[in-house]
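The values are calculated or read from the model by the stated rules, or taken from the named source; none is laboratory data. Treat the numbers as computed from the prediction; the structure is a model and nothing was measured. Cβ: placed from backbone, ideal geometry, glycine included. Neighbour counts: every protein chain shown.
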Amino acid sequence: MNIDYPNGMKAAELYICDGDIEEYNTNFYSLILFAKNQKGYHNLCKLTSIAMTKGYIIKPRINHNILEQYKEGLICLSDANGEIAKRLSDGDKNGAIEIAEYYKNLFGEDFYILLQETNAQLSELAKELNVKTITATDEILNKFNFEFDSIKVSDIVNSGLIKEIVAWANEHDIKTGKVNDTLPDLSIEIDESRCEQVIDEYLIPKYGSDCVAKVETSDKNSISIVITPTPIDEIIPIKMSPDGNLATLYPKETIEKMGLHIIEFK
């Protein structure tokens, strides 16, 4: 899966599948989505999160029904590995036309066919249906005029929360050590075997399971957590970590550029 995130994701390559995304199905097709405004960014995060947490079988997958729910603010590209090209290669021109018209009706002027290589059939179909085309050599991110340079959200993590966590831990006989409650480097030394208890029994009940996620870092001896004021998958795309918990697709540095602070349990 390809993601572009200089200060927040603006584009993602997902895969459209037939039927239920949680069922095993090897029929899936590439779909490239761009956010053109703030609403599009939130929807792109949502679609990516669904694909990574519920639809990930071989590739991060969504289906047409899910796409229809979160299409607002998005630009859609169908490429040489997309549904249209696949049907053409199978000799099903009528099926290719049907799918192309589906996307054109769904996205209007924001639907493009991406011509990555010489593909006369795909090019001819685009002309026949009056669908705009774009080539891989174009600077796609510069071509579209985004209405935002970065995503800024209200932060709810502060030094006061660190004090609350320490107080809760002490009440539950969880030993804590050195504490840094000075922004931006918030951290707590805590018994590693009890970190998950703090997250599961204090942070998640306090903020909600959809607002708390782990941030994967190179430090294997610590656990980093981000907390968001609204569901995290509307702000930061998420995936399932190996331990079965939600984890962010963004690295720590990108999350901090968005104006969010991270708590590190050491």
Selection from the stretch 211-225 of residues that are charged (D, E, K, R) and at pLDDT 90 or above: Lys214
Can you give me the number of residues within the stretch 105-125 that are touching a residue at least 24 places away in the same chain (Cβ under 8 Å) and either basic (Lys, Arg) or not in a strand (DSSP E or B) (or both)? 9
Selection status of Lys178, surrounded by fewer than 14 Cβ atoms within 10 Å (Cβ to Cβ), on the phi < 0 side of the Ramachandran plot and touching a strand residue (DSSP E or B) at 6+ places or on another chain (Cβ under 6 Å): yes
Only one of Lys86, Lys127, Lys71, Lys93 that is surrounded by fewer than 20 Cβ atoms within 10 Å (Cβ to Cβ), out of contact with any Cys (no Cβ under 7 Å at 6 or more places or on another chain) and closer than 18 Å to Ile21 by Cα: Lys71
Going through Glu171, Glu192, Glu201 one at a time, which residue ends up being at pLDDT below 90 and assigned by TED's automatic domain parsing to the domain that holds Asp233? Glu192
When you scan the stretch 126-137, how many residues do you find that are of a type in the set (A, V, I, L, M) and assigned to a helix (DSSP H, G or I)? 1
Counting only helices (runs of 4 or more DSSP H) wholly inside the stretch 163-266, the ones holding at least 2 residues that are touching a residue at least 40 places away in the same chain (Cβ under 8 Å) and closer than 26 Å to Thr53 by Cβ are 195-198, 252-257
Complete set of residues in the stretch 231-253 that are surrounded by fewer than 17 Cβ atoms within 10 Å (Cβ to Cβ) and touching a Ser or Thr at 6+ places or on another chain (Cβ under 6 Å): Met240
